[in-house]
Structures are given as C-alpha cells and as structure tokens.
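Step one of this worksheet: look at the structure below.
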Amino acid sequence: MQLPDENIEYHFQRLLVPLHDSWTPLAELQSQHLLPPERLDRLKDEAIKIRGQVVAERELQNPPPEKRPLQPGFIDLPQKLLDGYKRKQDASELGKILRLAQRLRDTVDRVVILGVGGSHLAPKAIFDALCHSHHNEMPSKLRMGKPRIYFEGNSSDSDGLQELFELLENTCVDPDIVEERWGVVVISKSGGTLETAAAYRAVRGEAVKFYGPDKETLRKVIVPITGPKNSRLRDLCRADGIPDEDILTVPEDVGGRFSAFTGVGLLPAAVMGLDVRAMLLGAATMTRRFIEEPFDRNPVLQFAAVNHLMTERGKTTRVTAAWSKKLEAVGWWYDQLLSESLGKNGRGPTPLTTVATRDLHGRGQQHQEGPRDKLINNLVVRQIKHPPVMIGMSDRNEDDLNQFSRKGLPDVMEAALKETNDTYAGVARPTADITLPMISEHTIGQLLQLLMLATVVEGRLCGTNPYGQPGVEGYKRNLVSNLKATPNLPKGEVRDQAKGV
Ligand code: PA5
C-alpha cells in the first residue's frame with residue numbers, strides 16, 4: 001500500500017482568478033491572464049467523460065478511422081509487467097529485461113546507449129534524475145558494479161561520436177579485462193531510423209575491431225531493443241547471431257515517446273542499477289489514480305484540464321521549470337512528448353524546459369516581463385537526497401554572507417521558489433507546481449506516467465489525436481531521399497570504420 005506522502009501532486013490554486021471585492025489593476029490583469037475557477041468547474045465533467053473514453057480505448061481491437069493511430073498500450077503496461085514478473089519471474093518480460101541488464105553489468109564497464117527521440121529521451125531522463133551527477137567519473141568501486149553510460153545516435157553529430165570512439169580507444173585496450181570492456185544498447189522501435197542505424201553501424205564496427213569478429217562475444221555485449229515487425233535492426237541483429245530471446249521488443253501498441261516503461265527505459269535503468277520495480281510501481285499507481293480518483297484528487301485530470309484551458313486562454317508557451325538540475329532531462333522528455341502529441345493541424349502548445357535557479361538569470365527576465373503567452377509548471381522536489389551544503393561562518397565576511405551562516409543551498413532554493421512564484425503572481429503571470437516528495441525511482445515512475453496520461457487526455461480534450469507523429473515520419477523519409485540525392489563524397493578524412501566491417 002502506498003503512503004500518501006509518497007504521492008506526487010499538482011498544485012494549481014495560484015493560477016485561479018481570486019475573488020475580489022473591488023476593481024484593482026491587478027484584479028483586471030488576473031481576470032485576463034489567470035483561470036476563472038468556474039471555467040475549470042465546467043470542464044470537470046468533460047474531463048471525467050474523456051477519461052472514460054481513454055480507458056475504453058484500451059479495449060478497442062479495431063478502432064474507427066478517426067481514432068487511428070491508437071496506441072494506448074502504455075497505460076496498463078507497468079502493472080502488466082509487474083504481474084507477469086510475479087507469475088513467471090525470469091520467464092516474464094521483466095525477468096528478461098533484468099537478465100539482459102545483469103549480463104551487461106557482469107560483462108562490461110561502459111555501455112553506449114544508441115537511440116533518438118522516444119528511444120533516447122526516457123533513458124536519458126532516468127539516468128540524469130536517478131544516477132549520481134558524476135556517475136561516469138566515479139571510480140568503479142564507488143559505482144558498485146554499475147557501468148559508465150554514454151548516449152549517442154541521438155543526432156547526426158559526427159564529432160560527438162568520433163570523440164566517444166577516441167575515448168574508448170584510449171581507455172579500453174584489453175578486451176579480456178572487464179574494466180576495459182564496453183557494450184551497446186541499440187534502441188529503435190521502427191528499426192530503421194537513420195541517425196540510430198548509422199551510429200550503430202559505426203559502433204558495431206568499433207566493437208568488431210575491439211573484440212574481433214567472434215559472434216559469441218558480440219552477442220554478449222550488444223542488446224537490441226526494437227519493434228516486433230519490419231525492423232531492419234532486428235534483421236541485422238539476427239544475421240549477427242543474436243537470438244530473439246536476447247532482443248527486447250517494444251510492443252506495437254506503445255508509441256516511441258510513450259515507451260519509457262518498456263525495455264526502452266527499463267533495460268537502461270536496470271543496467272544503471274536502479275530499482276525498476278519501484279519505478280513500475282510508481283507508474284502503475286499513477287494509472288490507478290487516473291482511473292479511480294475523482295477530479296479533485298486526480299493529478300492527471302487536473303494537469304490535463306488546467307493546461308488545456310490555459311492554452312485556450314493564450315498561454316501557448318508551456319514552460320517546465322525544473323527546480324533541480326537532475327530533472328532537466330525530464331523536461332526535455334516532456335518537450336518531445338508534448339510536441340509530437342499535440343503539435344498538429346496548426347495547433348498545440350510550444351514546450352520549453354528551464355532549470356531554476358540557473359535560468360532565472362536569463363529566461364527569467366522574459367518570463368516576468370516578456371509576452372504574456374506562458375504557463376509555468378514548476379517541478380518542485382520537497383526532500384533533497386544529500387546533507388545540505390551550508391553557507392557557514394567565515395573569518396572573511398567581505399561577501400556579507402555571515403548573516404546567512406545557518407542557512408544552506410536548500411534554503412536559497414526555497415526562497416527563490418517562493419520569491420519567483422510570488423513575483424509572477426503579483427503581476428498575474430500563471431504558475432503551478434508538480435511536487436515530488438523526493439527524487440526516487442518511485443516518484444519518477446509516477447511523474448512520467450502522469451505526464452503521458454495527461455498528454456493523451458489533453459489531446460482528446462482539444463480534439464487532436466495524441467498518438468502518431470506524421471511530421472516526424474515525413475522528416476525521416478525526406479532525410480533518406482535527400483541523402484540518396486547527394487553525391488557520395490565524404491566530408492573530411494575517413495576513419496576505418498566508415499569503410500565497413
Ligand atoms: O515518438 C516517436 O515515435 C519518435 O520520436 C521516435 O521515438 C523517434 O523518431 C525514434 O524512432 P525509432 O525508435 O523508430 O528509431
């Protein structure tokens with residue numbers, strides 16, 4: 001049973017128009033830029049109705065044309081994975097994920113994760129939120145068997161990948177020493193995305209150079225994650241002798257940006273030594289709250305309804321303000337989720353991620369005094385993980401900080417949050433808070449599932465199909481056509497791996 005204080009919540013009261021006895025300039029601004037409570041009240045029934053539809057969509061075997069594409073598989077997946085593991089242990093999908101992760105951890109000390117978009121951002125968000133900020137620099141003893149993690153294939157940046165090869169070539173010399181061995185997790189649901197495929201070809205070439213062409217060794221250090229059908233990546237891996245039981249499958253009814261709780265997010269999380277069951281439990285709890293709770297206790301419906309109404313009121317730039325550096329990549333993940341889900345038919349809010357207090361020294365100016373087109377959703381963490389860094393007393397007080405000697409950085413953060421929210425409220429700039437009791441596998445599981453569910457509800461509220469990404473698919477096709485049309489003259493001096501292995 002989950003304790004209430006482990007729940008994450010959405011607090012939006014600050015952005016409701018307050019009651020006033022008389023007219024003031026501030027009251028006028030509030031009526032223009034905040035949300036009248038009666039508008040939210042009117043939407044509650046509609047939100048509950050939409051929830052019923054979203055829940056019913058899970059059962060649709062043959063969706064009507066206006067609902068296509070439909071990929072609601074992510075909604076029940078966390079609980080299904082947990083149930084399957086309980087029943088079948090190692091023989092379940094989660095058992096397979098844990099087995100492959102353990103094999104990688106036993107075999108190598110560095111893992112290169114290849115993937116782009118939905119096949120990159122969830123593992124990146126999970127890594128940044130839950131692993132040590134300097135994980136890769138920590139000596140192996142302090143990492144306690146957790147390999148170093150590198151992300152590539154998320155762009156066509158040649159220098160970035162070349163510099164990773166340089167690092168691997170200079171630090172990994174003897175493939176018989178575990179500390180010098182490296183492995184690959186290659187993620188592509190379609191199995192054909194050019195950025196990932198090209199990076200994998202190069203990385204696979206490096207692996208062959210390092211380990212030799214022996215398929216048995218390569219099989220142990222490469223874990224592919226791909227869709228069930230028509231995947232060139234699957235074909236390539238099979239041809240390399242990687243058996244199906246060592247390939248993780250992204251279910252057909254789970255879209256790329258909704259795949260955090262498939263092998264896409266879970267295998268990297270398990271390689272990082274994280275508690276994937278706690279993460280799944282958090283996600284499953286959020287699904288249960290979404291399905292069972294009334295509007296006033298339902299953070300999914302609240303987030304979807306409030307954000308939808310604020311977009312309608314002209315707050316078309318949606319800022320995710322992370323009040324912990326560790327949550328910045330969760331913001332990037334949400335940027336993609338929102339862009340691809342609702343950015344269609346000439347509509348959809350524009351997402352933006354900021355980090356406080358860093359960006360209060362830049363973007364903060366624009367958010368406070370620039371165009372009134374923003375809704376700020378703060379991601380607030382109540383409990384920090386480590387003992388606080390204190391300001392402390394000093395013999396030299398030229399910086400005048402002795403007055404704060406008994407205060408620490410968490411106090412600075414709290415004061416900045418209060419000050420910023422108050423200042424924005426004072427000029428009728430809307431802000432709300434998603435509060436996390438702490439950053440843990442359990443709360444990150446809740447947070448990602450909350451945002452995925454809310455995005456689907458919001459799509460249904462505004463009449464946009466949240467599934468599918470026709471624009472991105474078009475980009476992918478055009479990229480391949482364009483590449484075919486360019487002459488085969490490589491830029492710069494070619495390294496060995498470009499000649500093929
Ligand atoms: O959300 C999506 O579907 C996209 O962002 C994809 O995740 C991204 O294009 C990568 O696709 P794939 O996993 O097929 O390589």
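The values are calculated or read from the model by the stated rules, or taken from the named source; none is laboratory data. These figures come from a predicted structure and were not determined experimentally. Cβ: placed from backbone, ideal geometry, glycine included. Neighbour counts: every protein chain shown. For the accessible areas, the whole protein counts, side chains as well, though only heavy atoms, and no ligand, DNA or RNA atoms are used. Shrake-Rupley method; radii C 1.70, N 1.55, O 1.52, S 1.80 Å.
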Notebook entry, point to check: Mind checking whether some residue in segment 239-252 is among the charged types (D, E, K, R), more than 16 Å from the ligand (Cβ to nearest atom), open to solvent by 30 Å² or more (accessible area, probe 1.4 Å) and in the same structural domain as residue 191 (by TED's automatic domain parsing)?
Noted result: yes
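Got a number for residues in segment 235-252 being closer than 13 Å to residue 215 by Cα, in a loop (DSSP other than H, G, I, E, B) and charged (D, E, K, R)?
Filtering segment 235-252 for residues closer than 13 Å to residue 215 by Cα gives 236-243.
Applying the additional criterion that residues be in a loop (DSSP other than H, G, I, E, B) yields 240-243.
When the remaining residues are screened for being charged (D, E, K, R), the result is 240.
Looking only at that region, the number is 1.
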Checklist line | The one condition in (1) within 16 Å of the ligand (Cβ to nearest atom); (2) at pLDDT 95 or above that residue 107 fails to fulfil | finding: (1)
Check: What are the residues in segment 118-165 that are outside any helix (DSSP H, G or I), open to solvent by less than 50 Å² (accessible area, probe 1.4 Å) and among the hydroxyl-bearing types (Ser, Thr, Tyr), if any?
Finding: 150
Margin query: Please go through segment 202-235 and give me each residue that is open to solvent by 70 Å² or more (accessible area, probe 1.4 Å) and either among the aliphatic types (A, V, I, L, M) or on the phi > 0 side of the Ramachandran plot (or both), ordered by number.
Written below: 230
Next item on the list: Would you be able to tell me the number of residues in segment 326-367 that are assigned to a helix (DSSP H, G or I), over 14 Å from the mean Cα position of the chain (by Cα) and surrounded by fewer than 22 Cβ atoms within 10 Å (Cβ to Cβ)?
Entry: 8
Next item on the list: Give the residue, chosen from 433, 422, 399, that is farther than 30 Å from residue 28 by Cα, in the same structural domain as residue 317 (by TED's automatic domain parsing) and among the acidic types (Asp, Glu).
Entry: 399
Next item on the list: Quickly run through segment 45-96 and pick out the residues that are among the aliphatic types (A, V, I, L, M) and touching a residue at least 60 places away in the same chain (Cβ under 8 Å).
Entry: 47, 48, 50, 54, 55, 70, 75, 77, 81, 82, 94
Check: Can you tell me which residues in segment 166-201 are of a type in the set (A, V, I, L, M, F, W, C), closer than 24 Å to residue 246 by Cβ and either open to solvent by 30 Å² or more (accessible area, probe 1.4 Å) or within 16 Å of the ligand (Cβ to nearest atom) (or both)?
Finding: 177, 178, 184, 185, 186, 187, 197, 198, 199
Checklist line | Qualifying residues in segment 55-92 (those that are in contact with a strand residue (DSSP E or B) (Cβ under 7 Å, 6 or more places away or on another chain) and assigned to a helix (DSSP H, G or I)) - the one surrounded by the fewest Cβ atoms within 10 Å (Cβ to Cβ) | finding: 57
Check: Within segment 295-317, can one find any residue that is at pLDDT 95 or above, open to solvent by less than 20 Å² (accessible area, probe 1.4 Å) and under 15 Å from the mean Cα position of the chain (by Cα)?
Finding: no
Margin query: With the structure loaded, tell me whether residue 269 is of a type in the set (A, V, I, L, M, F, W, C), more than 16 Å from the ligand (Cβ to nearest atom) and either in contact with a Lys or Arg (Cβ under 7 Å, 6 or more places away or on another chain) or in a helix (DSSP H, G or I) (or both) or whether it fails that test.
Written below: yes
